[in-house]
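Undergrad: What follows is a single structure, and I will ask about it in a moment.
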Amino acid sequence: MGEESRKEQAEERKKARAPRDPERRKRQIAEAAAELISQEGTRHLTHRRVAEHAGVPLGSTTQYFKSIDDLRHAGLALLAEQIALRNQEMLAQVGSRKMGVEMLCDFVVAYLADERQVSTDAMFYAAAVSDPEVGGLWKRALVENAQDYAPLIGLERLQILSTFLTGLIIDTAIYGASYDSDTIRAAIVALVGEDE
């Protein structure tokens, strides 16, 4: 995305914001931080860059997020929310154990084709490795997912499947690897069993 396009987006955000809505402003700033993290990781995140991306004055970012760590955690927490929402969508699609493998396979193939989403999740994993607080967010998300999915495929198979999917995400993010639906389906069937 070019500099001119970023400025246009920032101007549009400025016009769209409601006056004097502190919670909305705080969320807007956190969303901008999440977007930057998903594009570039956490290393280059600054209050100034987030303010520009959100289309808000620099003072707004420091008013709501005193330190860059606070701002980074807010952005990562939003990314964790997005991952949890995606998992809920997948669970809703799966619906029953009988439909599980085919629908799960379709969901994984579609997910891996979304380069931005894969990159975002890989950035989140990288942050979780180096930051205990982010790691805690991820562990909580996994526990919630286990409660939702375990009745469909069993806890042990779910843990194995989760490890496989994490590997796919990292492999795709680093190497740009692509997997066809037959390969993914064969792997999922091997891990969770054939549809009955």
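The values are calculated or read from the model by the stated rules, or taken from the named source; none is laboratory data. On a predicted model such as this, the values are computed, not experimentally measured, just so you know. Reconstructed Cβ throughout: ideal geometry from the backbone, glycine too, with neighbour counts over all protein chains shown. Surface accessibility is based on the protein's heavy atoms, side chains included, excluding ligands, DNA and RNA. Shrake-Rupley method; radii C 1.70, N 1.55, O 1.52, S 1.80 Å.
Undergrad: Take HIS44 and TYR175, extend 7 Å from each Cα along the Cα→Cβ direction, and tell me the distance between the two endpoints in nm.
TA: Result for the modelled spin labels: 2.7 nm.
Undergrad: How big is segment 47-89 on each of its three principal axes, counting only the C-alpha atoms and giving the largest first in Å?
TA: Taking max minus min along each principal axis of the Cα atoms, segment 47-89 gives 37, 19, 13 Å.
Undergrad: Keeping all protein chains in place and using 1.4 angstrom, which order do HIS53, HIS73, HIS44 fall into by accessible surface area, from largest down?
TA: HIS44, HIS73, HIS53
Undergrad: Tell me, what ³J(HN,Hα) does each residue in segment 60-65 have, in order and in whole Hz, if you take phi through Karplus 6.51 cos²θ - 1.76 cosθ + 1.60 with θ = phi - 60° and put x for Gly and Pro?
TA: My calculation for segment 60-65 gives 5, 5, 7, 5, 8, 9 Hz in order.
Undergrad: While we're looking at this one, here's another question. Convert each backbone phi in segment 165-170 into a coupling constant with the Karplus relation 6.51 cos²θ - 1.76 cosθ + 1.60 (shift: θ = phi - 60°), then list the ³J(HN,Hα) values in order as whole Hz, x for Gly and Pro.
TA: 5, 4, x, 4, 4, 5
Undergrad: To the nearest 20 debye, what charge dipole does segment 133-196 have about its Cα centre, counting +1 at the Cβ of each Lys and Arg and -1 at the Cβ of each Asp and Glu?
TA: Numbers: 4 positive and 10 negative charges, 54 e Å.
Dipole size: approximately 260 debye.
Undergrad: Counting Lys and Arg as +1 and Asp and Glu as -1, what is the net charge of the other residues whose Cβ lies under 12 Å from the Cβ of SER181? Please report the intermediate quantities before stating the final value.
TA: Numbers: positive: ARG185; negative: GLU102, ASP106, ASP180, ASP182.
Computed value for this residue: -3.
Undergrad: Looking at the square roots a ≥ b ≥ c of the eigenvalues of the Cα gyration tensor of segment 142-188, which shape do they give, rounded for a/c under 1.5, prolate if a/b is larger than b/c, or oblate? Don't skip to the answer; put the middle values down first.
TA: Values: a/c = 3.30, a/b = 1.74, b/c = 1.89.
Since a/c reaches 1.5 but b/c is at least a/b, the shape of segment 142-188 is classed as oblate.
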